[in-house]
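K.L.:
Dropping the structure in here first, questions after.
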Amino acid sequence: DVKVTQSSRYLVKRTGEKVFLECVQDMDHENMFWYRQDPGLGLRLIYFSYDVKMKEKGDIPEGYSVSREKKERFSLILESASTNQTSMYLCASRYSGANVLTFGAGSRLTVL
Amino acid sequence: TQLLEQSPQFLSIQEGENLTVYCNSSSVFSSLQWYRQEPGEGPVLLVTVVTGGEVKKLKRLTFQFGDARKDSSLHITAAQPGDTGLYLCAVIKAAGNKLTFGGGTRVLVKP
């Protein structure tokens, strides 16, 4: 069964802390994405990557960075967490030849 | 304003009732997708519609793409508690080949 795995389901951090959210996929997909999900706003794209070491800004990249050193792993980094980054974060991957996203189960981050 | 407007935002119905949720835009799209997200999980693709006026059925779920390819609807017949979840529509924006999602409709089917 193909999978996108987000290592942390729930995190609680303090304002100013550095936060790493990890995502691993086992489908050899070229494209990987980070979305945040807030009630009534749906999913908003933060960053995406179409190849190792390649990244592009999505619609709301401010306050975030990403790292893709290996094809299967895409990390989202909050350099200095703030309370307005409290949210559900969803990782997804996609094969370049298709338009179907496969999502992880999400990481719920609370910043106090 | 969002590219995709979904309505209603929330719907609570009894088991056995029918429901319809909508996804609307002022833009024309080459295709549109519907995802369902169950509590504690990520969204899962239900269907992709590509042709204006197209109707697709998935058991008790009927998806329709508007003739002008600007809107879509999802109709559930005889809803069951297992249909509970967040229903999201999504389209690919021409630039960047990225999926953009609507705000979602949260459906609760009570037994």
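The values are calculated or read from the model by the stated rules, or taken from the named source; none is laboratory data. Note that the structure is a prediction, hence the values are computed from the model and not measured. Positions of Cβ are backbone-derived with ideal geometry, glycine not excepted, and every protein chain shown enters the neighbour counts. Heavy atoms of the whole protein, side chains included, go into the accessibility calculation; ligands, DNA and RNA do not. Shrake-Rupley method; radii C 1.70, N 1.55, O 1.52, S 1.80 Å.
K.L.:
Is there a residue being touching a residue at least 40 places away in the same chain (Cβ under 8 Å), touching a Lys or Arg at 6+ places or on another chain (Cβ under 7 Å) and either away from chain B (no Cβ under 14 Å) or crowded, with 20+ Cβ neighbours inside 10 Å (or both) anywhere in segment A:51-74?
P.N.:
Initially, segment A:51-74 is screened for residues touching a residue at least 40 places away in the same chain (Cβ under 8 Å), giving A:71-74.
Now narrow it down to the ones that are touching a Lys or Arg at 6+ places or on another chain (Cβ under 7 Å): A:74.
Checking which are either away from chain B (no Cβ under 14 Å) or crowded, with 20+ Cβ neighbours inside 10 Å (or both) leaves us with A:74.
Among the residues of segment A:51-74, at least one is touching a residue at least 40 places away in the same chain (Cβ under 8 Å), touching a Lys or Arg at 6+ places or on another chain (Cβ under 7 Å) and either away from chain B (no Cβ under 14 Å) or crowded, with 20+ Cβ neighbours inside 10 Å (or both), which makes the answer yes.
K.L.:
I'm trying to understand the selection: among the residues of segment A:99-112, which are over 18 Å from residue A:29 (Cα atoms), open to solvent by less than 20 Å² (accessible area, probe 1.4 Å) and either touching a His at 6+ places or on another chain (Cβ under 8 Å) or in a loop (DSSP other than H, G, I, E, B) (or both)?
P.N.:
Once the filter is applied, which keeps residues that are over 18 Å from residue A:29 (Cα atoms), open to solvent by less than 20 Å² (accessible area, probe 1.4 Å) and either touching a His at 6+ places or on another chain (Cβ under 8 Å) or in a loop (DSSP other than H, G, I, E, B) (or both), segment A:99-112 yields only A:106.
K.L.:
OK, next. Need a quick list: strands (runs of 3 or more DSSP E) entirely within segment B:19-76 having at least 1 residues that are free of Cβ contacts under 8 Å to residues at least 40 places away in the same chain and surrounded by 13 or more Cβ atoms within 10 Å (Cβ to Cβ). Outline the logic, then answer.
P.N.:
Values: elements: B:19-24, B:32-37, B:44-49, B:55-58, B:61-65, B:71-76.
The strands (runs of 3 or more DSSP E) meeting that bar are B:44-49, B:55-58, B:61-65.
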